[in-house]
Amino acid sequence: MFSRASSLRIAFCAIAILLASVAHATERIKDLASIGGVRNNQLVGYGLVVGLDGSGDQTTQTPFTVQSIINMLGNMGVTMPPGTNLQLKNVAAVMVTANLPPFARPGQQIDITVSSIGNAKSLRGGTLVFTPLKGADGQVYAMAQGNVVVGGAGAQAAGSAQTINHLAAGRIPGGATVERSVPTALGDGDVVTLQLHDFDFGTARRVVDAINRATASGAAQALDGRTIEVRAPLDNSDRVAFLGMLENLTVTPEQQVAKVIVNSRTGSVVMNQRVTLQNVAVAHGNLTVRIGIDPLVSQPAPFSRGETVVTARGEVDIEQGQGSLINIAAGASLADVVNALNSIGATPMDLVSILQAMRAAGSLRAELEVI
């Protein structure tokens, strides 16, 4: 028999386990949705990386690198004589990209990515010179400069080369300084818009219910399966506090839609845990066709005045692999689906055809998306 204290401890443990499972099933609104108008802005610029150890662009094949150097030197007061043939090995033309986060202010620093657009072998050890970064409207929003960090290494000698990771692109942490801010409005008037990351009517309804329970009734309403409007305070300080409270509300989202993603180029197949099957029988076999040509030399007899000719003998071999019929019971789980397909020896490329056929037969209870 359990004592009263032991029974209470067991009850508390059971409640703790139950609460932990419920908490694990819930997600914050900030993980499910974003605030309308609060977004990143892409920046791009063209620049030069200098100081390379002979691994820069070959100027005979990348004339834009030479032109950029001449223009840069001209802006610094250095005039090149007409017809000068520059043979540069330590310079590479690059594209510089960055994301300008919302509410970024002048003086803040952001990370940038530097990518070679010529035939430079490596950007390792290079320095990006003063490069303006422009937005979609053509305005300059940041200026970039700094030492390029390349996460790789390479060496070559006597026709042999060894490369680790990718050397034609690198990053500069904090390599750009924001010069212009992008106006970001937190809603229109007294309304703030929440946009769900995934389209789902059930999740939108649950988000609305959670907001209305935490605020005045009717403060939130769903416009569709992705967009939710919320009445918010007009004062900026109160609105920021209000949005901070909304983002930390927890919601249990609807169960995800059963989906199978197939990459037809690489053969990758990804299924979520909601995928199930109806009763189906699958047979799989490999058909291999080999065609070979062997050259034969026909040598004439001595003094026959014949000519030596080369003929070809073709050989065709068709091999049919052994295929077995596998029965998969209805209501199978994801593990059952994987085990059944592995049991018939299906490769990732074979799975593309098998899953498409199962979907056409009506046995695959999931959306099949081919990318």
What is the local net charge at residue 251, summed over the other residues whose Cβ is closer than 12 Å to its Cβ (Lys, Arg +1; Asp, Glu -1)? -1
Proxy exposure order for 46, 141 (fewest C-beta within 10 Å first) is 46, 141
Counting only other residues whose beta carbon sits under 13 Å from that of residue 43, what net charge do I get with K and R as +1, D and E as -1? -1
Summing +1 for each Lys or Arg and -1 for each Asp or Glu, what net charge is found among the other residues whose Cβ lies under 12 Å from the Cβ of residue 132? +1
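Values in this text are rule-based calculations from the coordinates and carry no lab data. If you're wondering where the values come from, they're calculated on a predicted model, not measured in any experiment. Using ideal geometry, Cβ is built from the backbone for each residue, glycine included, and neighbour counts are taken over all protein chains shown.
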